[in-house]
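I have placed the structure first, in the form of structure tokens, so that the comments after it can refer back to it.
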Amino acid sequence: MGKNLRLKSARAALDMSQKEVAEAVGVTRQTLNAIENGDYNPSVNLCIAICRVLGKTLDQLFWEDENNEKN
Amino acid sequence: MKKIEFDELQQSRRYRYGYQSFILLAFLILIDSVISGMGVVWLEHTTSTFILLLAGCTYFICRCIWGDALVGPKETPGRFSAKTAAIVISAAAVAVLVAGFALSKGHNQPSAAAGGNELSLVCTAMWAVIALVYALKRLVKGKPEQ
């Protein structure tokens, strides 16, 4: 499983650290780091929570197709 | 008492570590039974079983520390605090005191008391292993409380 660079770039665009996003979502920084590094597949509920915090849709952050290839 | 809540990654890791600890414990008890069946008694049965239980618990705690699954996101302090340092130092001091007491009383004791001394030594070793794993994690994986 590759790294989720779209999540990382969306977080960086809001100038938020992993810790800030993790606290807003209600998980540990290590969990968010694992998601960004592709070491962990989050549940749909957690994906939605992350999308709400970052102001993105599920497609923009997590969907994989020709246009949104996994990095 | 404050309820500790874990996130989903921590929960899945704790389930996995708990399963591994259970399998480890089952194998240790099996090996102990085989050894006892062969006529080798390394400790009194109750004491040896308790020590094996402690070994399983130690494995679980160490794995949780290493996998960042010991405390939930709401319980994690913002930075390494003096309180944490005081707890670790106190635990180490108590472990050393118990070990010293056990070693000083270990000689010229009847066998029943000797079992208690061995348990004290194992508890000390358990604390030492947990403290070592915590220190190694901070060293290898960076400061977890930052």
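The values are calculated or read from the model by the stated rules, or taken from the named source; none is laboratory data. None of these values were measured; they are calculated from a predicted model. Backbone-built Cβ (ideal geometry, glycine too); neighbour counts: all protein chains shown. With ligands, DNA and RNA removed, areas are computed over all heavy atoms of the protein, side chains included. Shrake-Rupley method; radii C 1.70, N 1.55, O 1.52, S 1.80 Å.
Taking chain A as the region of interest, what is the percent of Cα-Cα pairs per 10 angstrom bin, listed from the shortest bin to the one with the maximum distance? Computed distribution, short to long bins: 21, 63, 16, 0. Ligands, DNA and RNA left out, the 1.4 Å accessible surface of segment A:12-68 is 45% carbon and sulfur atoms. Per-residue ellipticity at 222 nm from helix content only, as computed over chain A with -39500 (n - 2.57) for each DSSP H run of at least four residues, stands at -15500 deg cm²/dmol.
For segment A:11-24, 3J(HN,Hα) computed residue by residue from phi via the Karplus equation (6.51, -1.76, 1.60; θ = phi - 60°) reads 5, 5, 5, 8, 6, 10, 7, 4, 5, 5, 5, 4, 5, 5 Hz, glycine and proline entered as x. Accessible surface area normalised per residue over chain A is 59 Å², counting heavy atoms of protein chains with a 1.4 Å rolling probe. Amide H contacts under 5 Å for A:G38: A:N4, restricted to partners 5 or more places along the chain or on a different chain, H placed in the peptide plane at 1.01 Å from N. The label-point distance for B:V140 and B:T49, in a model that sets each label 7 Å from Cα toward Cβ, rounds to 3.4 nm.
Evaluating 6.51 cos²θ - 1.76 cosθ + 1.60 at θ = phi - 60° for every residue in segment B:16-32, the Karplus couplings come out as 5, 5, x, 5, 4, 5, 5, 5, 4, 4, 4, 5, 5, 5, 4, 4, 4 Hz, glycine and proline recorded as x. Contact residues in segment A:27-64 by the 50 Å² criterion (accessible area, 1.4 Å probe, full protein complex versus chain alone): A:T28, A:Q30, A:Y40. Net charge of the neighbourhood of A:A10, taken over other residues with C-beta under 14 Å away and scored Lys/Arg +1, Asp/Glu -1, is +2. Pairing chains A and B buries close to 900 square angstrom of accessible surface in total, based on protein heavy atoms and a 1.4 angstrom probe. Taking 18 Å as the straight-line reach from the Cα of B:K141, the aspartates and glutamates in range (excluding those fewer than 8 positions away in the same chain) are A:E36, A:D39, B:D68.
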